[in-house]
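Structure first, commentary second.
The values are calculated or read from the model by the stated rules, or taken from the named source; none is laboratory data. Only a predicted model underlies this, so the values are computations on that prediction, with no experimental measurement involved. Every residue, glycine as well, gets a Cβ built from its backbone with ideal geometry; the counts of neighbours run over all protein chains shown.
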Amino acid sequence: MNKETAQRLVELRKQHGLSQEALAERLYVSRQAVSKWERGEASPDTDNLIALARLYGISLDELLGVCIKEEQQGGEQRDESEAHTRVYISNGCIKCYKGDKETRVDVADGHITVNKDGETTEVIGKPESYLRRIPVPIIITIIYLALGFAAELWHPGWIVFLMIPVIDSVITCIIRKSIRHFCYPVFITAVFLLLGCTVQGAWGWSWILLLTVPVFYSVARLFKRSDREDEDDDEDEQECDD
C-alpha cells in the first residue's frame, strides 16, 4: 500500500473519532493489522476494504482515492481511460472496471465469489459470519421461560441471563483464537450464585471461587505475547498470499 493511501486511512479513522483498537474491534482484526495498514506495511483484504468503506459511509474510490496512472511504455503514455480504475459498491457486490475488463466480487451467505476475466472463484467466508448471527439473547430468554413454566425455576433460573456475555465472549475467543477474551469474571460469578442458591451452606465457602479471577488473568497474560506473534504471522502469510 502506498503512503498516500495509508495516510488517508489514518485521517478517516481520526475523523470518525476511532482509535486503532476501536477500529480493530469493529473489523474483528488485531490492532497490529490496523497499525500495519496505516504504516503502509500491509494492505487490507477485500472483506476489510468493504467493511471500512461501509463504516465510513464512502465508496471504495473515495476510500482509496483510486486513480491509477500507469507508467509510460515505449515512450508513449497510455490513454487515461485505460489507466483509470472505476469501482462500484452495491449491496453484497463490488464491481471493478479497468478499461474493458471487469472484476466482480459477490458476497452472500458467508461465500465470496470472484469473477475475473470470465473465470469464477468461490471462497468460503470467515467463520464469524455465521457465529455472529447466533441469536444468543433470544435463545437464553427461551431457556429461562422454559425453566420457569416447565419446572417453576424462576429462581434461580434467572442466572442463565449471565450466560449472554459469557457465550458472546466464547464466540470472540473462537474468532480470535485466544482465551484472553473469555468473560471469566461473569462466568465464575454465575457459578457462585448457582451454588449459593442451590447448595445448602454454599454461601460460606463458594466465595473462594472468586479468587480464581486474578489467577485466570495472570495465566492469560502469559499467552498474550504468543497470541500477538501468531496474529502477526497469520497477517504476514496473508500478505504473501496476496
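Condition first: of a type outside the set (D, E, K, R), closer than 16 Å to residue 9 by Cβ, surrounded by 13 or more Cβ atoms within 10 Å (Cβ to Cβ) and modelled with pLDDT under 70. Can you find one or more residues in the stretch 59-66 that meet it? Yes - at least one qualifying residue is present in the stretch 59-66.
Per-residue answers, yes or no, for (1) over 19 Å from residue 134 (Cα atoms); (2) crowded, with 16+ Cβ neighbours inside 10 Å; (3) in contact (Cβ under 8 Å) with a residue 40 or more places away in the chain:
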site: 151; (1), (2), (3): yes, no, no
site: 158; (1), (2), (3): yes, no, no
site: 166; (1), (2), (3): no, yes, no
site: 194; (1), (2), (3): yes, yes, no
site: 197; (1), (2), (3): yes, no, yes
site: 208; (1), (2), (3): yes, no, no
site: 215; (1), (2), (3): yes, no, no
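Restrict the check to the stretch 7-16 and report whether at least one residue is closer than 22 Å to residue 131 by Cα and either assigned by TED's automatic domain parsing to the domain that holds residue 175 or crowded, with 16+ Cβ neighbours inside 10 Å (or both). No - not one qualifying residue is present in the stretch 7-16.
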